[in-house]
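The values are calculated or read from the model by the stated rules, or taken from the named source; none is laboratory data. What you see is a predicted model, and the numbers here were worked out from it, not measured in a lab. Quick reminder, even Gly has a Cβ in these numbers, built from the backbone with ideal geometry, and neighbours come from all protein chains shown.
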Amino acid sequence: MNFQGLRLIPKTHHNDFEWIKWVTKAIGTENWLNYLNFDDGLWKATDGHRIHFYEPESEYKVGNYEIIKKARNELILEKIENKNFPDWNSILNSHTPRIFDEPDLVMESYNSIDIILAKIIRLIPDAHAIDHKFVLDLISVPYGEIQITYYGNQITCFIADKAAAVIMLLRN
């Protein structure tokens with residue numbers, strides 16, 4: 001069988017390596033969402049409760065990819081067929097803010113998790129909660145400013161003009 005994959009390492013893929021590894025944090029554990037998608041110039045992954053996006057510096061082949069190996073200094077992805085990535089535009093409701101909207105919070109990714117989590121919790125109404133693991137994944141970005149906006153039943157985050165995440169809130 002011919003390997004239809006991609007081997008990413010920090011030395012040759014510079015920024016893309018860390019950011020694509022960050023996108024993989026949103027991969028679902030369910031069989032139907034356990035892969036990444038590259039299309040429309042974006043790497044995407046979702047578990048149905050959140051979605052991570054990244055606009056890479058390099059070009060990649062359009063398609064769906066599963067993780068073969070994920071290590072500190074290596075990420076091996078294999079192109080897969082017969083899987084349809086969810087319509088990610090439908091994941092985002094029409095009320096999702098865009099990059100030009102005024103964010104509710106602006107902070108650096110190196111801020112303390114306690115500070116970031118406390119500020120996000122203050123944005124959320126009493127009827128909702130947020131999975132703290134999603135916030136931990138959110139701030140594990142390689143670097144950059146994080147702009148956070150609460151809208152409807154989701155938190156939208158734009159990161160360093162390179163990536164974005166949308167996290168659906170939980171009902172209390």
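Condition first: among the charged types (D, E, K, R) and under 15 Å from E55 (Cα atoms). Now tell me which residues in region 130-172 satisfy that.
Correct list: D161, K162.
Which residues, taken from region 22-31, are of a type in the set (G, A, S) and surrounded by fewer than 19 Cβ atoms within 10 Å (Cβ to Cβ)?
So in region 22-31, the residues of a type in the set (G, A, S) come out as 26, 28.
Matches in region 22-31: G28 only.
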Checklist entry - Of everything in region 72-83 that's of a type in the set (K, R) and at pLDDT below 90, which residue is nearest to L170 (Cα to Cα)? => result K83
Item to check | Options W43, W19; residue that is crowded, with 16+ Cβ neighbours inside 10 Å, in a strand (DSSP E or B), in contact with a strand residue (DSSP E or B) (Cβ under 6 Å, 6 or more places away or on another chain) and not charged (D, E, K, R) | outcome: W43
Checklist entry - So, of the residues in region 20-41 that are of a type in the set (S, T, Y) and in contact (Cβ under 8 Å) with a residue 24 or more places away in the chain, which turns out to be nearest to L138 (Cα to Cα)? => result T24
Checklist entry - Got a number for residues in region 136-172 being in contact with a Gly (Cβ under 6 Å, 6 or more places away or on another chain) and either outside any strand (DSSP E or B) or free of Cβ contacts under 8 Å to residues at least 40 places away in the same chain (or both)? => result 1
Next on the checklist: Only one of P86, P56 is at pLDDT 90 or above, in a loop (DSSP other than H, G, I, E, B) and not aromatic (F, W, Y). Can you tell me which?
Outcome noted: P56
Checklist entry - Given the residues K133, K69, which is the only one that is at pLDDT 80 or above and outside any helix (DSSP H, G or I)? => result K69
